[in-house]
Structure formats: structure tokens, C-alpha cells
Amino acid sequence: MFYANNVTRYGRTLGVSGVLFLVLVGWVQAGDKKLVLTGSSTVAPLAAEIGKRFEKLNPGVQIDVQSGGSSRGVNDARVGLADIGLVSRDLKREEHDLKSYSIAYDGICIILHRSNPVQALTKEQIVGIYTGRLTNWKELGGMDRKITVVNKAEGRSTLELFLHYFGLSNSQIKAHVIVGDNEQDIKTVVGNPGAIAYVSIGTAEYDQGQNLPIKLLPMDGVAASSANVKNRSFPLMRVLNLVTKAQPVGMTKQFIEFARSETVYDLVKEQYFVPIAATK
Amino acid sequence: MTSSKSSTLYLSPPRSDLCLALGLRALAALGMALLLAIVVSLLLEAGNVFGEIGVLRLLTDTRWNPTEQGFGLAPMAVASIASSAGAVMLAGPIGVGAAVYCRFYCGPRQSQWFRQMLGMFAGIPSVVFGFWGLTTLVPLIANANPPGASLLAGTLVLSMMVLPTIALTSYAALEALPLNHLLAGHALGMRRGTIVIQIALVAARGGIAAGMLLALGRALGETMAMLMVSGNIVQVPTSVFDAVRSLAANIELEMAYATGTHRSALYACGMVLIAVVGLSTLLSHRLTEGARNA
Amino acid sequence: MLRRFNIYRVSELLYPLAALTFVIVFALLIGDLFSHGWAYLSWDFLTQEPSRSGRAGGILPVLVSTLMLLMVAMMVAVPVGLAAALLLSEASRKRTVLARSLGISIDILAGVPSIVYGLFGNAFFSVYLGLGFSILSGGLTLGCMVLPIFVRTVESGFLAVQDDWPQGAAALGLSKWSTLVHILLPAAAPAIAVGLVLGIGRALAETAALIYTSGYVDRMPSSWLDSGRALSVHIYDLSMNVPGGEPHAYASALVLILLLLAINGGAAWLTEHLLHQRIQRS
């Protein structure tokens, strides 16, 4: 009997407090002004920070940023699931029904392990490595070690830009490891002195500054650095874009203008990208 | 339990019994509805594949290149099965051994601590395991045999992830054994080791098998960790040092931009995983027939 | 008595070895996390909002979102799981069609990849039911993932209860409800505790499914329909997506582990005291 009473007593207290908590916390917010942005996970952190600053300047507004990939950003913008899409490349020909607004620039460079004696690679050598023609570093004047080719997964904008620049198709590439994110590229190279990969310059510069054993190779004679992305001399660049279905109006317009304004250049630089006006 | 039709001593079941029966069935029906929704939606999404491409091609195509009409998922299926089975085979003995240790060989205090540790391990996100694998395990393997990101790395990381599941479920199974069985062994003069092997493990084999099955399911479905340490190259592995791509990792990598037939093919990957788990379950039920009611 | 090679004696050496292997693996991983993350753990870290994409500030909103997600997931998984486990354990003795199909569905679900749960959750909860990227959507999806684990574990517990106990209860005239509360649940309490631990562990460990359902927003959630970032997603973002996010990723992982300790301890305490384990197995 004592036992049954305890169970009911515990049960009752738990039940009541649970319901109270739910009611208090679960009060559904009436429709605030909200913008939804989805797309590239590269752009997402930047968009989220810009969104937070925008929210501070415009109280009552919510900017929700989700990830899911550039293609998702394009699709969601097109069907209206998102107000703005985040895309880490230029729009393709079949996507030109959408409007795009760039908010930052980024370069893509080849990285090697710091202990790799090779200092530079020509376009032909890179193509040779990635198509499997060259398989050992000693063929390039380096150490006797197998080359571990690191490629990005299909559908990533970095891959598409890389392929476009070197005139390759994905099926021509003979990779040993395929990665999903930037950091995975870098970690793979850090852990394997024979690896070669291509990553965003900003991220690579940062990690190099943190004393990770990587080095950025120059592309076509131009050193890989944010400075060279800024003055537009680095050959392999990509644009980070906000895309919308139609001409943006109202809050969407405000946000896009805000994201392209000078007030957020510091946020862009914090993410190790290059702000747009700086390249003019 | 009360036969309500024939007995002369007919006692009407208390109202709480009816409420309980209804409530249980309602909740279970809800559960079933949910499960049904999941299974049906998967079938619908994967359905296109069977119409347009046909199951045979999924198995016999030589490449996985959906944008260029290559739908051979056999290499990935092999990778998933090999890594998961390997993980369970590796973690199984260790997990069961640890559970036996906890239950029969160490004091109650240490046992409590140990299970706390297991519980902690069970909740560590897959991304943490993947990250550790990427930064510690893969370079180690790369030193021995590049590229490092390989079937071996995937299997090792998966076995770490399923170890707590096996250990905890085996512990629960061992703890639920009636003391009578064990005391009978003592009475017969068996030493502890003999009791464990001849009595405890045999009687608990149903629960232990259930745990292994859960572990297998978790290993097959693991996405993030495999993505980070197994190399993601679609090929049938000829050695443990080869990079492989598991079915789950494939779905994660390609779903973001897949459309139409490609999308259905990815869902078909999911269905293959489910089929593997279904088959293993059937197998394990056969093998432990009767153990469940011991 | 001649001493001869006795396999059972030898086997006794293997058990502590197995336990030791686990402890070594545990120490390797947790040690790695501690060495990298301990320096960044502080009261501020737990109570502030993230800034600079999570590289500065703290993780308070993420913690709150995670706890809310966990709550929804367990509120779905525990009642449904207990009911399903009870039905399954009873029915495996009777082998009804309902029970077999339930059992098969549970087994199927145990093998579904986490990413597929994410896609299903997105399609069903977020889009079809209109919940959008929300904690509710994420919690329900997590509940679906935890359900098979919980059911299987608890079912083993119920099955292990000797037949004569419910029969004795019936002989004493106890109603089914009383049998359940006073005998079955306490007898299966250790299995329920393990089920809770594994279920909560699974829920907190899940990353892929949550990215598509509860989302990426790291703001403090003000309702169940708000998008909220789970701790595991935060760790993923910081370690793989944000350059320079690693220190805080390690610190967040440590917080997760401490959270697990607290929750598991709570779950164990709860099962002990609510189920008043006064049952001596004999």
C-alpha cells in the first residue's frame, strides 16, 4: 500500500511539473518576421553571423540559417522553402532563372604536407597526379612515397570549380580518398605526408597559421594567399552568393543589401573569406 | 490470464485491466503506425528504382556513377557488411567479456563505475569518434599503408562505437538470470569460470544475441564516422587497407544534390541496409530459438 | 587432484582483459578530449551564447535545445516502447500476428541509417506535418530512432521475468495493472535502466538526422517550433566546418560527456526509486 502511494505521488508530481514546464516553455510565438536561409555549409556560418548582427539592428526579426548544400539552397529558393539560398559558386546555366548576389570571395589552392620537398606543381603535373598517371612523388623530384590523391565528393562546388579549371571530368579522376568538408581535406593531408588535396585558401591559411604542417602551393606562378585573391591575381577563385527566386523585396532586400555592405566586411574576414568591394 | 468464458468461478476483470489493455494496444498501434510510415515512405521513394532500373542492375552494374547510368551498389554493400560484421565480431567478445567481468568478477562499486563509463561511451556523438579516427587512427594506418582512410579504420571506429551497446545489453541479460541457475552450479561444485560459460552465457544467449543485433543495426546505419575515416571510394576492398564507401555514407554524400532516379537509387541503398538487418534478425532468431523463453 | 589444463580457468583471465581493453580505449578517447578541451571549459562557456560562429562565447542555447530535444524524444520513446515491449514479450509466448509484425518492424527500424531517419523526419515531420525545422520535428525523429533500441532492451528484461511471478500475482487476485506496476516493471528495472541509458546515449550521439530536422540555428529556442542546434551538430560544425572552431568543439564534447554522466545517473536513480527494487531474484 505504501508502495502504491509512492508511485502515484511521484507520478503525480512528475506529471504536473512536466505539464507546467511544457506550457511555460512551449508557448508558441506569434508570427514574428522571419527569414529562412538554406544552402551551402561553407556560407552558413558567415550567413548566420551576418544574420545575428542584422537581428540586433532590427529587433523583432529572426534570421534562420540552415545548411544542406549549395544545390539545396538553389532548390529551396526556387520552390519557396527558403527566402534566400546560400550557394558557394556561380549559378549554372540552367539556374539563371534565379537572381544571385555575391557577398564574398574565396580562393581554392592545392595543399601538400610541409615535409613534402615539392615546392610547386604545373597544371600538367596536377592533371597527371589526379588522373593517376603520376603515382609516386619521386617522379616529381620528391621523396619515394606513393601519392595519396584526395578529391572532394560529387556535387560539392569546390570539386566542380576544380574540374572546370583543369578541364577534367569527375570520372577521369583516380582518387584514393574522397572527403566531404574542407577540414577533412586538411586533416587528411596533416596525417599523411604523401597526400595532396585542394581546399579553400582562407581555411588553409588559418590552419597553417595554427602551425599545422601544411603548405599552400602557388597556382600558375601566383602564390596562394588571401591577398592575391583580393587583388584578383589568383587564378582559381570562387564566389559566395545569396540567391533568390525573384527580385528581392522588403526584408529580403534589406538583408541582402546589409550582407553586401561594408558594415559586415569584418565578419567576412573573420570567416577567412575576402570581402567583395576589396576586389574592386 | 483469466479465462472469461468457461470457468464457473467467473470474476469480471477489473476496469483497470481493460484500460491497461486498451492503452497498451493504443500506444503499440501508434508505434506501429510510425514504423509503417517510415517503411512505406522508404519503399515509395525507392520504388522508382525497381521500375526504371531493376534490382538486377543494382547488383551487377560495375560502377556507381548515377549521373552516367551506373548503379552498381554491390561494392558499397560489401563495404557496409564487411565493416559492420567486422565491428561486431571485434566488439562482441570484448563486450561480452567486459559484461561478464562486471557481473561476476568485480565488486558492486567497480561494477557501477564501469557501467557509468560504458554509458558515457554510448552517448558520444559519431562525429567525435570520426574526428578522433581522422586525427589519430588514420595517420597511424597511413604510416603503415597509405592512404590510411580504409576499411580497417572504419571497422575499428565502428567497433568502438558498438562496444557499449553489446556490453550493456549483455550485462542486463546476465543480471536478469535467476540466481537459482547459478546456485545450482555452485551446488554441483563448479568453479566460477565454468558456471559463467556453461550456465550463465548459455542461459543469457537470447539477450546477448539481441544486443549484438542492435549493435549490428547501429554499425550498418552509422553515417558520420564512416564518412570521416573510411575513404569513400566506391570499390570492392581487396585488403583491409583499401578505402571503401559504406551505403550510409554514400547516401549522406550524394543526397544533397541527387534528383530523380539518382535519388531513388540512394533510397534503394537504404533499403539494402534494412534488408541486411532483416536477414540478420531472422538468422539470429533461428539460432537462438528457445533461448528467449529459457 | 591432478592439475591439468582447464579451459575454464584460463577463461577467467580473459574477462578482466576484456574489461581492461575497454578501459584503455575509453582512456584514449576521453583523454584526447580532455587534453584538448579542458582548458576551454568554464562557467562562462556554459552560460553564454555563442559568438563568432561558436569560436567564442558559450553554448547555452545549444544545451537548452539539446535538452528539449531529448525530452521530446524520450516522451515519445518511453511510453510507446514500454507498451510495445510488453506486448512483444507476452506475445512471443503466444505468437500472434500483431506481435510478429510489430517485432519485425522494430527490427527493421534498428537497421535504418541515421541519415535516412533524417530524410524521413524532414519529409514527414517538417514538410508533411508542417513543423518545419524545429525541435519538435527533431525530437520526434530522435524518438523514432531510440524506439527500437529501447523496445529490444526492455523486451529482454520482460522476457527474463519468470512465468510463475505473473501467475502467482493472478492467483493472488492482482489486476493486470498492479501486476505490471508492482512486479513486472520492478523486475525488469535493470533492463529498463539499460534501455534508458542506451536510448539517451543514441539520442545525444545523433548528428546527421538532426541537421535535417531540428536544424542549424544556434539561437536560444523560445518554443518547441523553433529551430535549435543540438550539441552534436554544434560539435560537428565547429570541428569540420568552421576554421578555428576546434578548441570549442573539444570543450563542447566534454560538456556532452558530463551531461551524459548527469543524465545517466539521473536515469539510474529514477529507475531505482520509482520502481522500488525490492525484488530478490531467487
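The values are calculated or read from the model by the stated rules, or taken from the named source; none is laboratory data. Predicted model only: the values in this text are computed from it and were never measured. With ideal geometry, Cβ positions are generated from the backbone for all residues, glycine too; neighbour counts draw on all protein chains shown.
What the table below lists for this structure:
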item: Tally, over the range C:162-186, of residues that are within 8 Å of chain B (Cβ to nearest Cβ) and closer than 19 Å to B:Ala173 by Cα; result: 1
item: Helices (runs of 4 or more DSSP H) contained in the range A:125-243 and holding at least 3 residues within 14 Å of chain B (Cβ to nearest Cβ) and under 23 Å from A:Arg89 (Cβ atoms); result: A:157-166, A:182-191
item: Subset of the range C:55-71 [buried (at least 24 other Cβ atoms within 10 Å of the Cβ) and either touching an Asp or Glu at 6+ places or on another chain (Cβ under 6 Å) or of a type in the set (Val, Ile, Thr) (or both)]; result: C:Ile59, C:Val62, C:Thr66
item: Answer from C:Ala73, C:Ala27 - the residue that is touching a residue at least 24 places away in the same chain (Cβ under 8 Å) and within 28 Å of B:Met160 (Cα to Cα); result: C:Ala73
item: Test: residue in the range B:46-60 that is more than 28 Å from B:Leu156 (Cα to Cα) and within 14 Å of chain C (Cβ to nearest Cβ); result: yes
item: Selection within the range C:128-183 - in contact with a helix residue (DSSP H, G or I) (Cβ under 8 Å, 6 or more places away or on another chain), part of a loop (DSSP other than H, G, I, E, B) and not aliphatic (A, V, I, L, M); result: C:Gly132, C:Phe133, C:Ser134, C:Ser175
item: Members of the range A:38-91 found to be among the acidic types (Asp, Glu), within 23 Å of B:Gly260 (Cβ to Cβ) and at pLDDT 90 or above, listed by number; result: none
item: Residue within the range B:145-159 that is among the hydroxyl-bearing types (Ser, Thr, Tyr) and either assigned to a helix (DSSP H, G or I) or in contact with a His (Cβ under 9 Å, 6 or more places away or on another chain) (or both) present; result: yes
item: Residue that is farthest from B:Leu152 (Cα to Cα) [pool: residues in the range B:86-110 that are within 10 Å of chain C (Cβ to nearest Cβ) and small (Gly, Ala, Ser)]; result: B:Ala99
item: Sole residue being within 14 Å of chain B (Cβ to nearest Cβ) and modelled with pLDDT of 85 or more, chosen from C:Leu67, C:Leu41, C:Leu88; result: C:Leu67
item: Output for the range C:120-164, where each listed residue is in contact (Cβ under 8 Å) with a residue 24 or more places away in the chain and of a type in the set (Val, Ile, Thr); result: C:Ile135, C:Thr141, C:Val146, C:Ile149, C:Val151, C:Thr153, C:Val154, C:Val161
item: Enumeration of residues in the range C:149-185 that are surrounded by 17 or more Cβ atoms within 10 Å (Cβ to Cβ) and either touching a strand residue (DSSP E or B) at 6+ places or on another chain (Cβ under 9 Å) or of a type in the set (D, E, K, R) (or both); result: C:Arg152, C:Glu155, C:Lys176
item: Test: residue in the range B:75-98 that is more than 21 Å from the chain's Cα centre (by Cα), surrounded by fewer than 19 Cβ atoms within 10 Å (Cβ to Cβ) and touching a residue at least 40 places away in the same chain (Cβ under 8 Å); result: no
item: Single residue of the range A:104-117 satisfying the filter (in contact (Cβ under 8 Å) with a residue 40 or more places away in the chain and not in a strand (DSSP E or B)) that is surrounded by the most Cβ atoms within 10 Å (Cβ to Cβ); result: A:Asn116
item: Index of the failed condition, A:Arg133 passing every other in (1) exposed (fewer than 14 other Cβ atoms within 10 Å of the Cβ); (2) more than 26 Å from B:Val234 (Cα to Cα); (3) not aliphatic (A, V, I, L, M); result: (2)
item: Residue match in the range B:170-191 (condition: in contact (Cβ under 8 Å) with a residue 60 or more places away in the chain and under 30 Å from B:Val78 (Cα atoms)); result: yes
item: Residue list for the range C:249-274, filter: without any contact (Cβ under 8 Å) to a residue 40 or more places away in the chain and not hydrophobic (A, V, I, L, M, F, W, C); result: C:Gly265, C:Gly266, C:His273
item: Qualifying residue in the range C:244-264 (condition: farther than 18 Å from A:Glu49 by Cα, part of a helix (DSSP H, G or I), of a type in the set (S, T, N, Q) and away from chain B (no Cβ under 11 Å)); result: no
